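The values are calculated or read from the model by the stated rules, or taken from the named source; none is laboratory data. Values in this document were obtained by computation on a predicted structure and should not be read as measured data. Every residue, glycine among them, receives a Cβ derived from its backbone with ideal geometry; neighbour counts consider all protein chains shown.
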């Protein structure tokens, strides 16, 4: 019964064609000489050159990298603690609310999260800028990290920790010497996930950013609204390339950890 | 000994407290503020809404709450239609994603073990690439003078270009495309663990393949189906980017209405009321999703 049939083969081929053809077309047309996105005018890298001269894109890219780096690092710290709490702390007062606040942001429509954060920043008279975008990104990213760490921790053998504690190791030291190295692949993939989530976010950043903190997705979005150009394809191709590199490196680290 | 225990309890509370406090301040508190502002009145000032508490001469402030925003939404057919059409678009897209995603997830689960890792990686890779870029990629394909029409005309399938861009169809394509990995991953996680011997048993007992699929495979994979559907349906209801870039002026979706109300009309109380009603619609599926996910992990 468990046979890989022609139907399965066709489903996979059509499925992956559907998933990848748009991205491939996008990449191909970033090397188009012509300004028209749908007419091939010969190979050229001129749009990448154009990109290098576009100061506002470079500024936006720098803001995005700063926000993504800071937010993913803090989100990984907070999310790892939260994942640990969810997996190993049993029941405590307010646990239902806690897990609700971890799971809800992952499916909650972004417009709601963005609007609510913005209204809070306004109500507390916090000036909008790089800092508010970073705070917003930490908040939703840490939930993803928490779930990744939680699912790793639920298969974690507690007796190793007990052994360390019995031998006189402090809880703090046990965490850093025993637990952390074991869950490290989950923590790293949590960081990578947070980084790309922050890199991708348009809606929440649009609500929570202020003057001078335009992120790359916001810049791309405003360019798309003005019309489709190969320059957008070029910046997209760079982003897709970076993310693909990150994912492949991440899975390589994961594999190496497993074989060790 | 007691002293150590006391110290441990403080440590435990601190460990729980740090992420807890963060989420209370940056996730729960903002919702309470949205709730508060949804009862305010729009005024021309900074910030553009009235205070709920009016401090008069007396010691106690008077509470001045207005239901205008909510009444306006419920009376104006534009908003009601936007909610209904968002639910309709999200439901149809979820069902399409389920059929497509099931075929892919099932096929990966049946593929030889050494292929599975790479196939799964191929599913996850687009999920990591920017949402905005993936939606943008469809514009060049679906436009009237886009690649799909060029291909179909050159193949002689159609004479005149199809109008797909700026229609609901483009929005369906966009949602299914963007959320497909969210459907495939939980389905695969479930199907991978399925005991294929059960299907063999059904076949041995004379059950036809189609019937086996309906009466054995589908019921066994129900948790995966539900998880995948929730992961697609809930965010799709409030989707903004896809209807904005691929949909037309007649494509009504509530996420877009909220955005316009907030950024273009600058009516913050109304935008807040729109968000609160949307949240009220989604709170049951969100809570159900949370319960099942937590059970699945632990």
Across the stretch B:11-36, the tally of residues that are under 17 Å from residue A:135 (Cα atoms) and more than 7 Å from chain A (Cβ to nearest Cβ) stands at 3
Checking the structure you have, find out if any residue of the stretch A:65-81 is touching a residue at least 12 places away in the same chain (Cβ under 8 Å), surrounded by 14 or more Cβ atoms within 10 Å (Cβ to Cβ), in contact with a helix residue (DSSP H, G or I) (Cβ under 7 Å, 6 or more places away or on another chain) and over 30 Å from residue A:156 (Cα atoms). yes
Can you find a residue in the stretch B:130-145 that is within 12 Å of chain A (Cβ to nearest Cβ), under 22 Å from residue B:246 (Cα atoms), touching a helix residue (DSSP H, G or I) at 6+ places or on another chain (Cβ under 9 Å) and assigned to a loop (DSSP other than H, G, I, E, B)? yes
The condition from (1) under 30 Å from residue B:251 (Cα atoms); (2) crowded, with 16+ Cβ neighbours inside 10 Å; (3) at pLDDT below 95 that residue B:86 misses is numbered (3)
Out of all the residues in the stretch B:234-251, which are crowded, with 22+ Cβ neighbours inside 10 Å and more than 9 Å from every other protein chain (Cβ to nearest Cβ)? B:242, B:243, B:246, B:247
What's the number of the only condition in (1) in a loop (DSSP other than H, G, I, E, B); (2) touching a helix residue (DSSP H, G or I) at 6+ places or on another chain (Cβ under 7 Å) that residue B:289 fails to meet? (1)
Could you say whether any residue in the stretch B:202-215 is touching a residue at least 24 places away in the same chain (Cβ under 8 Å) and within 11 Å of chain A (Cβ to nearest Cβ)? no
For the structure I just gave you, tell me whether residue A:131 is within 20 Å of the chain's Cα centre (by Cα) and free of Cβ contacts under 8 Å to residues at least 24 places away in the same chain. yes
Whichever residue in the stretch B:50-82 is within 14 Å of chain A (Cβ to nearest Cβ) and at pLDDT 80 or above and, among such residues, is surrounded by the most Cβ atoms within 10 Å (Cβ to Cβ): B:69
Only one of A:121, A:140, A:98 is touching a residue at least 40 places away in the same chain (Cβ under 8 Å) and within 24 Å of residue B:14 (Cβ to Cβ), namely A:140
Meets criteria (away from chain A (no Cβ under 11 Å), surrounded by 13 or more Cβ atoms within 10 Å (Cβ to Cβ), at pLDDT 90 or above and under 30 Å from residue A:201 (Cα atoms)) for residue B:225: yes
Could you go through the stretch A:145-155 and let me know if any residue there is within 12 Å of another protein chain (Cβ to nearest Cβ), in contact (Cβ under 8 Å) with a residue 12 or more places away in the chain and not in a helix (DSSP H, G or I). yes
On the given criteria, is residue B:7 in a helix (DSSP H, G or I), within 10 Å of another protein chain (Cβ to nearest Cβ) and modelled with pLDDT under 80? yes
Note: among A:86, A:13, A:52, A:9, just one is surrounded by fewer than 15 Cβ atoms within 10 Å (Cβ to Cβ) and either at the interface with chain B (Cβ under 9 Å from one of its Cβ atoms) or touching a residue at least 40 places away in the same chain (Cβ under 8 Å) (or both), namely A:9
Tally of residues being free of Cβ contacts under 8 Å to residues at least 24 places away in the same chain and crowded, with 16+ Cβ neighbours inside 10 Å across the stretch B:170-201: 1
Can you tell me how many residues in the stretch B:190-202 are in a helix (DSSP H, G or I) and at pLDDT below 90? 8
Can residue A:212 be described as on the phi > 0 side of the Ramachandran plot, in contact with a helix residue (DSSP H, G or I) (Cβ under 9 Å, 6 or more places away or on another chain) and more than 10 Å from every other protein chain (Cβ to nearest Cβ)? yes
Restricting the search to the stretch B:288-298, which residues are surrounded by fewer than 13 Cβ atoms within 10 Å (Cβ to Cβ) and more than 7 Å from chain A (Cβ to nearest Cβ)? B:295
Filter the stretch B:89-126 for residues that are over 19 Å from residue A:19 (Cβ atoms) and at pLDDT 95 or above; the one that is nearest to the other protein chains (Cβ to nearest Cβ) is B:90
Which of (1) within 30 Å of residue B:290 (Cα to Cα); (2) within 13 Å of chain B (Cβ to nearest Cβ); (3) touching a helix residue (DSSP H, G or I) at 6+ places or on another chain (Cβ under 6 Å) is the odd one out, the single condition residue A:161 does not satisfy? (2)
State which residue is surrounded by the fewest Cβ atoms within 10 Å (Cβ to Cβ) when the search covers only the stretch B:146-161 and only residues that are touching a helix residue (DSSP H, G or I) at 6+ places or on another chain (Cβ under 6 Å), more than 7 Å from chain A (Cβ to nearest Cβ) and not in a helix (DSSP H, G or I). B:158
